[in-house]
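The values are calculated or read from the model by the stated rules, or taken from the named source; none is laboratory data. If you're wondering where the values come from, they're calculated on a predicted model, not measured in any experiment. Here Cβ is always computed from backbone atoms with ideal geometry, including for glycine, and neighbour counts include all displayed protein chains.
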There are 2 protein chains.
Amino acid sequence: MASTIQPRLFKGCRDALPEDMIPRREMLEVMTRIFETFGFAPVETPAIEFLDILLGKYGEEGDKLIYPLAYKGGRTLALRYDLTVPLSRLVAMHPELPRPFKRYQIQPVWRADRPQPAQGRYREFYQCDVDTVGSPSLMADAENVAVCYRVYEALGLLDDEAGLVMRVNNRKLLRVLVTAAGLDADQDKTVCTALDKIDKIGREKVAAELDEKGISADATHRLFQLIAVSEENGGRPTATLEALRATLEGVPGAGEALDEMAALFDGLAALDVPDERLRFDLVLTRGLDYYTGPIYEFQLTGLASFGSLGGGGRYDDLLSIYGVGDIPATGVSIGLSRVQSALVKLGRLESRKSPTRALVLHLEDVPQTTSLRLATRLRGEGIPTEVWFEPSRFKKQIQHAVKLGIPFVLIQGPDELERGVVQVKDVRQGRQVEVMESDLADHLRSAD
Amino acid sequence: MASTIQPRLFKGCRDALPEDMIPRREMLEVMTRIFETFGFAPVETPAIEFLDILLGKYGEEGDKLIYPLAYKGGRTLALRYDLTVPLSRLVAMHPELPRPFKRYQIQPVWRADRPQPAQGRYREFYQCDVDTVGSPSLMADAENVAVCYRVYEALGLLDDEAGLVMRVNNRKLLRVLVTAAGLDADQDKTVCTALDKIDKIGREKVAAELDEKGISADATHRLFQLIAVSEENGGRPTATLEALRATLEGVPGAGEALDEMAALFDGLAALDVPDERLRFDLVLTRGLDYYTGPIYEFQLTGLASFGSLGGGGRYDDLLSIYGVGDIPATGVSIGLSRVQSALVKLGRLESRKSPTRALVLHLEDVPQTTSLRLATRLRGEGIPTEVWFEPSRFKKQIQHAVKLGIPFVLIQGPDELERGVVQVKDVRQGRQVEVMESDLADHLRSAD
C-alpha cells in the first residue's frame, strides 16, 4: 500500500449507487413477485463456467464475446454469457429436478461487447430469466410472453409515451420462408443472421450480405416479398396469420409453423395479453443459434433506437448436447439494466439516496451512547435511523439530512431527556414539533 | 452443437436450487431490512475490477487467491476478492457522496481457495457487507457489530445449541502487545499472521513459525503470556479490560487502545448487544492487511471447526491509496453462504422446492386456454399458480404437486365450468372440496 493508484472502472462496467439501487431493488421485488405468481422457482448458478459448456451455443459472434479467466492459459474457465446455457447445464446435472421445471434466475452476465451506454448496452448487466424445461407446449411460450407483459405493466410501460411492443415470430416459420424462397432449408441460419440486421442497416445492405453469402438476387427478392407480409398486415396476429396461410399454401412445414403461431396467440389471449400489444413480425430472427420454435422480443416505440427490453424463445435441442436426451425447453429474459435505463430516460424512476427516515443529531452535552439508545429503540420499531457521531455544527448535520433526503432530524438534549421527549424537525418544511418518546416511532411512521 | 459435452461445475462453485434459494431469499430479506433500519443504503459494484485496484490490500496470501481474467495476458482485470476494496474504489471515484457514507452491499466474491464444503468454504460465495466511510467514531464500529447481532438474532442463532460468540479485539492493541513483548512495533504484521493460525494449528506450531521469522523464544513466551490475559478472564469485556490496564500500565499506546475498546463496549451496550455475547479475545487478528483499529469476528460454538459467520474491522488507511486523502472507514461482512450452511447443519432451514400454491390440472376434454384463464384470474389475485400443459394421467400430475410441495391441485371439467365451480384437492391430506370460482382465491389463501 505505497504509491497512489488511480481509482477507475473497466469500460462498460458500472457502479450502482444508492439512487440506482433503491429503485432497482423495487423493480426486482415487482419482478420476483410476478415470476412467483406464475409458479417459477428461484435458482442461481455460479459466474464461472467451464468454457466448453458455453462455446458453440451463441453463434460465432456470440462466442467471441465470452470472457475467459486467466486460469490454465485461459482455455478452461469463463464468465457466463447468459443464463440459458447455465440453466441447461444445471438441469443436465440434476436429473432429480421436476419436469416441467419452471425456474427464474436474476443474475449478472458478462459480454465483451462494445459498450454503448446511451443505448443501455454494458459489458456487465443483469438478466432476469424465466424458463420452463421439459414441456413442449406452446402454452409455456405464451406464459413467457405473458409474464413479461405483466412485469412491464407493473413497471408502467404500457402507455403511449413508452409504447411497449411485443414482437413474435417462429424459427420454424423462418425455415419455411427460406424454402418458399427457393433456398435450401439449411441456409436458414445464414439468412437469419443477415435478416437480424435489417432494422439496423436496412434492406439493401442485407441484400448485399446475402449476395456475398451466395444467395441469388432472385431468392433474396422472393424472401423480401415473403417477409413483407407481416408489415403489410400491420403485424396484427389474425390478419398476418390468414395472409400467410394463403401465401404459403402447399409449402411443406407451413401448416405446422402457422398452427404453432395460432396456438401461441390463443394462449396469449387466455393469459390476458391484449392483441394490440402483439406484433407478428417476420423480420424478427433473434441472434442466438439455439432457438428452434417461437421467438419473441420486446421493444419501446417511445424510445428511438433504444435496444430491446427483453426477449427469448424455444430451444428444444440445446439440452441434448449434454447427453441427457431430448428435453424441450423455452424461456425469456428481461434486461433489468436496460429496463431501468428506459425508465430513467422516460423520467419515471424516483431517485432516493438513502432508506433513512430519521437522523439523530449529535449534541455536545449528550453522550453518544444516549443517541445510540434512542436509535436502538426506533430501529427496533422498524424505523430506519442514522446517528450522527461527529462533533459537527448543527447546520452541517442538517445539511447531511437534506443531501440524503432524510425527512426528519431528532434532537434530544439534557432537558428533553429529562422530560422524555424529542424535538422532531421536518427538514423539508423546516417545522419542528416536540414528541413524547413513547409516541416517536408512530409519529415518524405516519408523518408525511 | 455436435458431440456431447459433460455437464459439470468448477470445484468450489455451486448451483443454488430452489430449495437453497427460497430460504436464501428469505434470509436476504431479513438482512436488508435490518441493514436499512441502521440507515445503510444499498450499493453494487461490478464483478470485474482492474487488477492493480485489488492487489496489495489483502496480504501476500490473499493476493494469490485473486482470479485474473485472460484479457490482455491476465495482467489487467480480475474478479473482486471482497466488497471492501471495491467500496473504497467507489468512494474515491465519487467525491459527491455524503460523509459519512453508510452503505450495504450484497454480492458474490471469488477466491482461488482450496474448497472445503464441509466447513462452508467455497470459491464463489456471497458477502453481505455494511460499511461506514468517513467517520472515525468507534460508535460506527459498535454499529457494525450490533447490526450483525440483530441479523443473527433474527435468524435464530442466539440459543445455546448455536452458541453465537462475537469476538472483538483491536489492531492497535496488538501493536502494543508486540512492543510490550520487547519486539519492534513494525513486526506486528508478522506476529498477526502467525497468531491468526493459533486456533487451527496450536501454540507450538505458531511458536515455531515465529522462530522461523526471527522472533526470539523469549519474546514469543512473553507474547503468549500477554495474549493469555483475555482467556484468563474468560474474554469478559470489563474483566479483561481491567486486567489489561494493569498488565500494560506504562506501555506506550496501551491507554489509547484500551480506551478504544472501552468505548466500543459502551456503544455495544447502548445498542442492546448483551455483554455475555461478546468475547474480548486477544488471539483474534483477522487475516487481512488493511485493518487499523477494532476488529471483530463471529463464530458458533455449537458447530465444531466451522468457519466464521462474519467479521470485519476498521481500515482507516485503505482509502488514502487512491489519492483522496485520509478517510477513516470501518465495516463488517456477513458470510451469507456460511450462515446458510450453518442453518442447514443445525436443521433450521425449511426446505421448499416451489413458491406455487396451486396446480391447475390438465383434463382431456378441456382446452388448455380454459386452464390458463383460471390461472390468470388466480395470479391476478396474487396466488402463485402453475398450469399442467401435457396430456398426462391424473396420478402423474398430482405426483408433480406432491414432489414440489404444491399444496393444492385444481380440477375444472366441463361440468364444473358450467356451474362456475372448481374442485380443490389438498394433496397433503387427500381431501377434496368444491369451491365457487369467485371464492377460490380467498379459499387458497386462507386454507392451511
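How about the stretch A:86-138: which of its residues are touching a Lys or Arg at 6+ places or on another chain (Cβ under 6 Å), surrounded by fewer than 24 Cβ atoms within 10 Å (Cβ to Cβ) and β-branched (Val, Ile, Thr)? A:Val109 - this is the single residue of the stretch A:86-138 that is touching a Lys or Arg at 6+ places or on another chain (Cβ under 6 Å), surrounded by fewer than 24 Cβ atoms within 10 Å (Cβ to Cβ) and β-branched (Val, Ile, Thr).
When the test is whether a residue is farther than 21 Å from A:Ala140 by Cβ and buried (at least 16 other Cβ atoms within 10 Å of the Cβ), B:Arg352 passes it. Filtering the stretch A:292-335 to residues that are part of a loop (DSSP other than H, G, I, E, B), away from chain B (no Cβ under 13 Å) and polar (S, T, N, Q) leaves A:Thr301, A:Ser305, A:Ser308.
Assess whether B:Pro46 counts as being touching a Lys or Arg at 6+ places or on another chain (Cβ under 7 Å) and assigned to a helix (DSSP H, G or I).
Numbers: touching a Lys or Arg at 6+ places or on another chain (Cβ under 7 Å): yes; assigned to a helix (DSSP H, G or I): no.
So B:Pro46 does not fit the description; no.
Of the candidates A:Val85, A:Val109, A:Val133, the single residue that is within 19 Å of B:Glu386 (Cβ to Cβ) and in the same structural domain as A:Ile334 (by TED's automatic domain parsing) is A:Val133.
Residues in the stretch B:363-379 that are surrounded by fewer than 20 Cβ atoms within 10 Å (Cβ to Cβ), more than 8 Å from chain A (Cβ to nearest Cβ) and not charged (D, E, K, R): B:Val366, B:Pro367. A single entry from A:Asn233, A:Asn169 fulfils the requirement of being in the same structural domain as A:Pro100 (by TED's automatic domain parsing) and out of contact with any Gly (no Cβ under 9 Å at 6 or more places or on another chain): A:Asn233.
Screening B:Leu282 against (1) more than 13 Å from chain A (Cβ to nearest Cβ); (2) touching a Lys or Arg at 6+ places or on another chain (Cβ under 7 Å); (3) crowded, with 22+ Cβ neighbours inside 10 Å; (4) not β-branched (Val, Ile, Thr) leaves a single unmet condition, (2). Within the stretch A:255-279, the residues that satisfy the criterion of being of a type outside the set (Asp, Glu) and within 14 Å of another protein chain (Cβ to nearest Cβ) are A:Ala262, A:Ala263, A:Leu264, A:Phe265, A:Gly267, A:Leu268, A:Ala269, A:Ala270, A:Leu271, A:Val273, A:Pro274.
Of everything in the stretch B:48-85 that is over 21 Å from B:Arg314 (Cβ atoms) and small (Gly, Ala, Ser), the residue that is surrounded by the fewest Cβ atoms within 10 Å (Cβ to Cβ) is B:Gly73. When you scan the stretch B:384-391, do you find a residue that is part of a loop (DSSP other than H, G, I, E, B), closer than 22 Å to A:Asp266 by Cα and more than 9 Å from every other protein chain (Cβ to nearest Cβ), even just one? The answer is yes, given that some residue of the stretch B:384-391 is part of a loop (DSSP other than H, G, I, E, B), closer than 22 Å to A:Asp266 by Cα and more than 9 Å from every other protein chain (Cβ to nearest Cβ). All conditions in (1) within 27 Å of the chain's Cα centre (by Cα); (2) among the aromatic types (Phe, Trp, Tyr); (3) surrounded by fewer than 18 Cβ atoms within 10 Å (Cβ to Cβ) hold for B:Phe224, with the sole exception of (1). Comparison of B:Leu300, B:Leu346, B:Leu271, B:Leu282 shows that the only residue that is farther than 24 Å from B:Val206 by Cβ and in contact with a strand residue (DSSP E or B) (Cβ under 9 Å, 6 or more places away or on another chain) is B:Leu346.
Restricting attention to the stretch A:170-198, and to residues there that are outside any helix (DSSP H, G or I) and in contact with a helix residue (DSSP H, G or I) (Cβ under 8 Å, 6 or more places away or on another chain), which single residue is surrounded by the most Cβ atoms within 10 Å (Cβ to Cβ)?
Keep residues of the stretch A:170-198 that are outside any helix (DSSP H, G or I), which gives A:170, A:181-184, A:196-197.
Next, only the ones that are in contact with a helix residue (DSSP H, G or I) (Cβ under 8 Å, 6 or more places away or on another chain) stay: A:170, A:181-184, A:197.
On the way: A:Asn170: 27, A:Ala181: 21, A:Gly182: 12, A:Leu183: 21, A:Asp184: 10, A:Lys197: 14.
In this case the residue turns out to be A:Asn170.
A:Asp188 - would you say it is farther than 30 Å from B:Gln368 by Cβ, over 22 Å from the mean Cα position of the chain (by Cα) and more than 14 Å from chain B (Cβ to nearest Cβ)? In short, no. Scanning the stretch A:393-433 for residues that are closer than 21 Å to B:Ala142 by Cα and either hydrophobic (A, V, I, L, M, F, W, C) or at pLDDT below 95 (or both) turns up just one, A:Leu410.
Only a single criterion out of (1) in a loop (DSSP other than H, G, I, E, B); (2) more than 14 Å from chain A (Cβ to nearest Cβ) is not satisfied by B:Asp289, namely (2). Residue count for the stretch A:392-416, restricted to those that are crowded, with 16+ Cβ neighbours inside 10 Å and assigned to a helix (DSSP H, G or I): 6. Just one of the numbered conditions (1) modelled with pLDDT under 95; (2) farther than 22 Å from B:Met31 by Cβ; (3) surrounded by fewer than 22 Cβ atoms within 10 Å (Cβ to Cβ); (4) not small (Gly, Ala, Ser) is not true of B:Asp316; which one? In the conditions (1) modelled with pLDDT under 95; (2) farther than 22 Å from B:Met31 by Cβ; (3) surrounded by fewer than 22 Cβ atoms within 10 Å (Cβ to Cβ); (4) not small (Gly, Ala, Ser), B:Asp316 misses (1) alone.
Take residues that are more than 8 Å from chain B (Cβ to nearest Cβ) and in contact (Cβ under 8 Å) with a residue 60 or more places away in the chain and tell me which of the strands (runs of 3 or more DSSP E) falling wholly in the stretch A:60-161 contain 3 or more. Explain how you work it out, then say what you get.
Numbers: elements: A:77-79, A:101-110, A:124-133.
Answer list for the stretch A:60-161: A:101-110, A:124-133.
Can you find a residue that is without any contact (Cβ under 8 Å) to a residue 60 or more places away in the chain, closer than 30 Å to A:Arg428 by Cβ and outside any loop (DSSP other than H, G, I, E, B) anywhere in the stretch A:339-349? There is at least one residue in the stretch A:339-349 that is without any contact (Cβ under 8 Å) to a residue 60 or more places away in the chain, closer than 30 Å to A:Arg428 by Cβ and outside any loop (DSSP other than H, G, I, E, B).
Restricting attention to the stretch A:1-22, the residues being crowded, with 16+ Cβ neighbours inside 10 Å, on the phi < 0 side of the Ramachandran plot and part of a loop (DSSP other than H, G, I, E, B) number 8.
Quick one: would you say B:Arg25 is outside any loop (DSSP other than H, G, I, E, B), basic (Lys, Arg) and either over 17 Å from the mean Cα position of the chain (by Cα) or at the interface with chain A (Cβ under 8 Å from one of its Cβ atoms) (or both)?
Numbers: outside any loop (DSSP other than H, G, I, E, B): yes; basic (Lys, Arg): yes; either over 17 Å from the mean Cα position of the chain (by Cα) or at the interface with chain A (Cβ under 8 Å from one of its Cβ atoms) (or both): yes.
Here the answer is yes, as B:Arg25 does meet what is asked.
Residue count for the stretch A:4-22 satisfying the condition of being more than 8 Å from chain B (Cβ to nearest Cβ) and among the small types (Gly, Ala, Ser): 1.
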